[in-house]
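Okay, structure first, notes after.
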């Protein structure tokens, strides 16, 4: 395996088409790549926004019988009390913080960066935001849960006042809707600026209405300067 096991492939980057003044970083779900969400994120972008869709490293995933696939961290099962891959979650979080820090170094302040993700990527977005000291512009959490939830609220170092848009389909067979509801009520105890949106009949996917809501959120949080 060597070093390659933890290296990420190059992210998909959609550069701003006007003066770059804000960035969206969006994290895909298990088994997907940055390409899976790039066009959807590009559609809701604006000329001043750069979109970064990183691809998770390929690793064996316990949940899927040890098959190797892009995954931000190992998943043992999707039960409420499943053991979690704490070292993997924290290593993935460090990679996301590096992406944020690189944007900040390039001149985009943290409060002009929206971090988002779907499913496992949405969970990582939430975890990365709450363990990041600098305030982001907003967080988009789609069809997901908060990893290592027992660490909170103590682990929340920042972004407890940052606007969060959490979305979930009420027919999700993979990450049950109830997980979304439990996550929302847990987060609201220490980060109250959260809006939870439900999509009737939506499974573990997205829909036009949800994408329109995400677009509105992004445009509100990082408008053109």
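Every number in this text was worked out from the coordinates using simple rules, so none of it is lab data. If you're wondering where the values come from, they're calculated on a predicted model, not measured in any experiment. Cβ placement follows ideal geometry from the backbone for every residue including glycine, while neighbour counts extend to all protein chains displayed.
Could you identify which residue out of 81, 172, 101 has the top mean-square fluctuation in a GNM of the chain using Cα springs shorter than 10 Å? Result: 81 has the largest fluctuation of those listed.
Taking R0 as 22 Å, what FRET efficiency do you get between residue 207 and residue 181 from their Cβ-Cβ distance, rounded to the nearest 0.05?
Details: r = 18 Å, r/R0 = 0.84.
It comes to 0.75.
Considering helices alone, the calculated mean residue ellipticity of the chain at 222 nm is -9500 deg cm²/dmol, with DSSP H runs of length four and up weighted by -39500 (n - 2.57) and normalised per residue. So for the stretch 2-221, Kirkwood radius off the Cα pairs, Stokes-Einstein at 37 °C and 0.692 mPa s: how many µm² s⁻¹? My calculation gives 191 µm²/s for D.
Under 20 Å from a label point set 7 Å out along the Cα-to-Cβ vector of residue 68, the amide N atoms of the stretch 79-95 belong to 88-89, 92. Neighbour counts of other Cβ atoms within 10 Å put 205, 21, 119 in the fewest-to-most order 205, 21, 119.
Of all beta bridges that DSSP places with both ends in the chain, some 25 percent have antiparallel geometry.
For the stretch 118-225, the calculated P(r), taken from all Cα-Cα distances in 10 Å bins from zero up to the bin holding the longest distance, is 16, 50, 29, 5, 0 percent.
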